[in-house]
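Notes follow the structure.
Please treat every number below as a calculation from the coordinates, not as lab data. Note that the coordinates shown come from a computational prediction; the quantities given were computed from them, not determined experimentally. Heads up, the Cβs are rebuilt from the backbone with ideal geometry, glycines too, and the neighbour counts pull from every protein chain shown.
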There are 2 protein chains.
Amino acid sequence: MYIGAIDIGGTKTIVGIVNESGKILYKEQFKTNINDRELHFKTCSEMLFYCLSTLDLSVLQLVGIGINMPGMVDNKKGILIKAPYAGWAGTEVRSYFQEATGVKNVYVENDVNSCAIGELHFGYGKTYKNYLWMTVSTGIGGAIINEGKLLRGGWNCAGEFGHLKVEYERPFLCPCGGWGCLEAHGSGTAITKMVKQEIAKNPEFSKLFESVNLSTDAVGCAILAREGNETACSIYKKAAIWIGRGISYCVNILNPDAVIIGGGVASSLDLMIDHIRQTIETNVISTLLGFEIKTTMLGYEAALLGAASLILEK
Amino acid sequence: MYIGAIDIGGTKTIVGIVNESGKILYKEQFKTNINDRELHFKTCSEMLFYCLSTLDLSVLQLVGIGINMPGMVDNKKGILIKAPYAGWAGTEVRSYFQEATGVKNVYVENDVNSCAIGELHFGYGKTYKNYLWMTVSTGIGGAIINEGKLLRGGWNCAGEFGHLKVEYERPFLCPCGGWGCLEAHGSGTAITKMVKQEIAKNPEFSKLFESVNLSTDAVGCAILAREGNETACSIYKKAAIWIGRGISYCVNILNPDAVIIGGGVASSLDLMIDHIRQTIETNVISTLLGFEIKTTMLGYEAALLGAASLILEK
């Protein structure tokens with residue numbers, strides 16, 4: 001079985017061909033053209049045909065195309081309602097790709113929802129039927145799998161873990177306009193901000209970055225933290241406590257079997273996991289402890305595999 | 001249709017006969033005998049027969065019996081796993097009542113879950129398919145209805161709203177042993193505690209209670225607050241902000257159509273609703289605002305009607 005998968009993110013897009021076992025047969029990655037949505041969709045469609053030709057496949061061999069959008073989606077109508085980062089709104093995604101490719105079976109979903117559904121088909125969904133999926137990346141997004149099915153909520157917007165308040169006394173401003181949101185305290189962007197603030201006031205920490213030519217961001221900070229630098233460790237500890245608070249709310253409310261973490265910051269989970277667990281132990285009622293915390297089984301390709309899995313859901 | 005309903009709470013028990021429209025045909029209320037569980041179950045069974053005889057009904061006319069327990073329940077097996085307040089554990093509830101009454105169709109559920117299911121059949125469930133049910137009483141409990149069905153979580157314990165952390169800086173101790181839980185800050189018990197603390201340090205406030213012979217608890221404080229007393233209002237305002245924080249977490253995670261509040265403190269919701277709404281407006285991402293906050297349509301009898309509704313769920 002061949003599935004077309006298109007993962008359109010706020011900054012990058014991946015187009016690929018995936019089989020029913022979740023194997024990526026071929027893929028191409030390129031920059032998202034947020035300034036010209038029509039042109040970007042055209043590029044995605046052309047890239048899908050290019051992937052097919054590379055594999056010596058015809059578009060007629062595709063059972064369907066799954067598409068992720070970085071925002072609010074009406075999955076029934078196949079419409080992107082709003083993608084704040086890209087500045088897109090009210091876009092008929094399904095009908096565009098149906099026409100451009102001739103494939104009728106096209107399914108559109110929010111990218112974090114797709115990750116959670118991808119995990120269901122190709123990852124920990126084989127072990128857990130009730131879990132939370134949390135993307136910790138530039139921002140923080142979430143999705144909930146309840147009894148093996150995506151929980152959508154009243155208007156398809158459940159899982160806004162990034163905007164849970166985790167800090168009331170000394171809150172940071174969030175891109176949403178609110179204060180103290182998890183996204184403003186525990187995301188990659190938040191970690192980078194803390195790194196830059198520390199560099200500005202701590203010349204020794206600043207010199208360390210210069211001397212080893214590290215990027216002054218979450219990634220550079222993770223390298224220093226792994227080498228045992230205390231300031232770098234303390235930045236990750238702070239983020240971990242805030243992430244732990246956010247997870248604790250979700251666990252007290254949902255009683256999940258597992259919390260699965262994906263996104264760029266997931267690769268630094270080793271620096272945070274002890275502090276996350278400690279925070280959870282003091283913030284979750286004891287009857288609900290015993291759930292697992294895992295990094296996604298789908299790795300960097302979680303969203304692309306998620307897009308493909310949409311076709312298996314239907 | 002005649003349904004037997006038994007609502008066993010930590011302090012009081014109500015036994016009644018309810019019809020399929022949610023009308024209570026007859027009921028009796030009495031104290032829960034937590035010291036002798038066997039004897040209390042026997043009393044419940046006898047009281048059920050008494051209710052039937054009062055209505056000139058035979059037990060053969062019952063389509064089933066729904067039973068609430070004040071703790072963790074294995075609803076499939078009909079067993080009470082643990083009721084911390086009563087000190088009961090590992091009790092075969094279904095089989096006891098099947099034997100004692102001869103009725104085969106017996107269903108056992110946690111009392112807050114029952115309230116949410118009762119609302120589904122007899123109350124706002126006619127309007128909303130995705131809602132949270134929150135009991136604000138001696139403690140705070142919760143339950144989630146997702147697409148018209150109770151969300152159970154990994155091991156049937158979802159909805160622990162009472163143990164969401166709402167205060168990190170100056171947290172109060174919760175009966176669960178944790179600090180800063182919603183139950184420790186927003187329950188009737190928490191309000192009463194604040195009243196007593198204020199009385200201890202504020203002689204004018206103390207005299208006010210004495211002069212009008214008010215009980216020094218949440219109920220007495222509500223009467224003073226309705227008369228415009230600033231100290232009493234500020235106590236309810238504090239509780240409201242904490243309740244608002246708890247609701248905000250639930251809304252960001254679940255995107256409900258409505259939040260339905262029951263329990264004793266629900267009758268003081270008028271004193272808190274503005275502050276609850278203001279807190280929600282600053283703590284919930286704007287796309288998820290627009291849900292309704294309601295007090296239960298089932299009133300004081302929510303749990304008894306919930307017990308009856310279990311039979312309609314099956």
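On the basis of being away from every other protein chain (no Cβ under 14 Å) and closer than 20 Å to A:ILE235 by Cβ, does A:GLY186 make the cut?
yes
If we keep just the residues of the range A:121-136 that are surrounded by 23 or more Cβ atoms within 10 Å (Cβ to Cβ) and more than 12 Å from chain B (Cβ to nearest Cβ), which is nearest to B:GLY153 (Cα to Cα)?
Selected residue: A:TRP133.
Find the residue count for the range A:96-130, including only residues that are of a type in the set (Ser, Thr, Tyr) and either touching an Asp or Glu at 6+ places or on another chain (Cβ under 6 Å) or under 14 Å from A:GLY78 (Cα atoms) (or both).
Residues in the range A:96-130 being of a type in the set (Ser, Thr, Tyr) and either touching an Asp or Glu at 6+ places or on another chain (Cβ under 6 Å) or under 14 Å from A:GLY78 (Cα atoms) (or both): 4 in total.
Which of the residues that make up the range B:258-279 are crowded, with 19+ Cβ neighbours inside 10 Å, touching a strand residue (DSSP E or B) at 6+ places or on another chain (Cβ under 8 Å) and either among the β-branched types (Val, Ile, Thr) or within 14 Å of chain A (Cβ to nearest Cβ) (or both)?
Correct list: B:ALA258, B:VAL259, B:ILE260, B:ILE261, B:VAL265, B:ILE276.
I need every pair where a residue in the range B:115-132 that is small (Gly, Ala, Ser) has its Cβ under 7 Å from the Cβ of a residue that is surrounded by fewer than 24 Cβ atoms within 10 Å (Cβ to Cβ), sequence separation at least 6 or different chains.
Between residues of the range B:115-132 that are small (Gly, Ala, Ser) and residues that are surrounded by fewer than 24 Cβ atoms within 10 Å (Cβ to Cβ), the close pairs are B:ALA116/B:LEU150; B:GLY118/B:LEU298; B:GLY123/B:MET297; B:GLY123/B:LEU298.
Considering only strands (runs of 3 or more DSSP E) fully contained in the range B:53-120, which possess at least 3 residues that are more than 14 Å from chain A (Cβ to nearest Cβ)?
B:62-69, B:88-92, B:106-110
Would you kindly identify the helices (runs of 4 or more DSSP H) lying entirely within the range A:208-314 that contain at least 3 residues that are of a type outside the set (Phe, Trp, Tyr) and within 15 Å of the chain's Cα centre (by Cα)?
Qualifying helices (runs of 4 or more DSSP H): A:302-313.
Out of all the residues in the range A:139-165, which are more than 9 Å from every other protein chain (Cβ to nearest Cβ) and either part of a loop (DSSP other than H, G, I, E, B) or more than 13 Å from A:ILE117 (Cβ to Cβ) (or both)?
The answer is A:GLY139, A:ILE140, A:GLY141, A:GLY148.
Taking only pairs six or more apart or across chains, which ones have beta-carbon atoms under 8 Å, a first residue in the range A:95-109 that is closer than 15 Å to A:THR43 by Cα, and a second residue that is among the aromatic types (Phe, Trp, Tyr)?
A:TYR96/A:PHE41; A:PHE97/A:PHE41; A:ALA100/A:PHE41; A:THR101/A:PHE49
Looking only at the range A:227-243, which residues are touching a helix residue (DSSP H, G or I) at 6+ places or on another chain (Cβ under 6 Å), under 15 Å from A:ASP217 (Cα atoms) and of a type outside the set (Phe, Trp, Tyr)?
Answer for the range A:227-243, where residues must be touching a helix residue (DSSP H, G or I) at 6+ places or on another chain (Cβ under 6 Å), under 15 Å from A:ASP217 (Cα atoms) and of a type outside the set (Phe, Trp, Tyr): A:THR231, A:ALA232, A:CYS233, A:ILE235, A:ALA239.
Go through the range A:166-177 residue by residue and tally those that are of a type in the set (Phe, Trp, Tyr) and either facing chain B (nearest Cβ under 8 Å) or closer than 14 Å to B:SER248 by Cβ (or both).
1
Given the structure, is B:PHE41 closer than 22 Å to B:GLY306 by Cβ, in a helix (DSSP H, G or I) and aromatic (Phe, Trp, Tyr)?
yes
Quick test for you: out of B:THR282, B:THR296, pick the one residue that is more than 14 Å from chain A (Cβ to nearest Cβ) and not hydrophobic (A, V, I, L, M, F, W, C).
B:THR296
Would you check which residues across the range A:226-261 are β-branched (Val, Ile, Thr) and either within 17 Å of A:SER206 (Cα to Cα) or in contact (Cβ under 8 Å) with a residue 24 or more places away in the chain (or both) and list them?
Selection gives A:THR231, A:ILE235, A:ILE241, A:ILE243, A:ILE247, A:VAL251, A:VAL259, A:ILE260, A:ILE261.
Name the residues in the range B:147-171 that are buried (at least 22 other Cβ atoms within 10 Å of the Cβ) and within 30 Å of B:MET194 (Cβ to Cβ), would you?
Those that are buried (at least 22 other Cβ atoms within 10 Å of the Cβ) and within 30 Å of B:MET194 (Cβ to Cβ): B:ALA158, B:GLY159, B:GLU160, B:PHE161, B:GLY162, B:HIS163, B:LEU164, B:LYS165, B:VAL166.
Here are some conditions: (1) in contact with a Leu (Cβ under 6 Å, 6 or more places away or on another chain); (2) among the aliphatic types (A, V, I, L, M); (3) away from chain B (no Cβ under 11 Å). A:VAL251 meets all but one. Which one does it not meet?
The failed condition is (3).
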